[in-house]
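Written out below as structure tokens is the structure these notes cover.
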Amino acid sequence: MDTTTARASTTGPNARSSASVTATPLVAALAVAGAALAARRVVIAIDAMATEGFAMTTRRAFYHGGFEPTMTRREAGLILGVREGAARARVLEAHRRVMTANHPDAGGSAYLSTKVNEAKATLLRGKTGRGMGEGV
């Protein structure tokens, strides 16, 4: 076989460059990996819905864990669902919302309502405005 024939076979219309030959398996591998990750997320979501019900997918995640011995601004923010440096109005609105759901007169826990009130006081400490007796 002479060199002219060898060259002609690699430059024809059906010839592939070495870059496309190595890129094709790489693209296929990335596609398979992406599909596997997506399928994994679907299986996890279905499993979570089966164990916790449909409400799990629509409700907001709240802080899970015990209380610290001394209330910190971080913990207070987690309890009320606001940032540590939230504005006074936002803290009061969050306090009202959480207390409505956890008030002892409405069947809530007296301990939790005490912690919610402590969280409000911790976040409002040092903020200017009307008295601490605002809110629920």
ask   = If Lys and Arg each add +1 and Asp and Glu each add -1, what is the summed charge of the other residues whose beta carbon sits under 11 Å from the beta carbon of Arg83?
value = +2
query = Debye sum, Cα scatterers, region 73-125, no solvent: what log₁₀ I/I(0) at q = 0.16, 0.22 1/Å?
reply = -0.38, -0.69
note = Rounded to one decimal in nm, the spacing of the 7 Å Cα→Cβ label points at Thr114 and Met71 is 1.2 nm
request  = Would you mind computing, in nm to one decimal, how far apart the modelled labels at Ala106 and Leu30 are, each placed 7 Å from Cα along Cα→Cβ?
outcome  = 5.2 nm
message = So, R0 is 22 Å and r is the distance between the beta-carbons of Arg96 and Arg41; what FRET efficiency does that work out to, to 0.05?
response = 0.05
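The numbers here are math on the coordinates, done by the rules we state, and not lab data. Not measured: the values here are computed from a predicted model. All Cβ positions, even for glycine, are placed from backbone atoms using ideal geometry, and neighbour counts span all protein chains on display.
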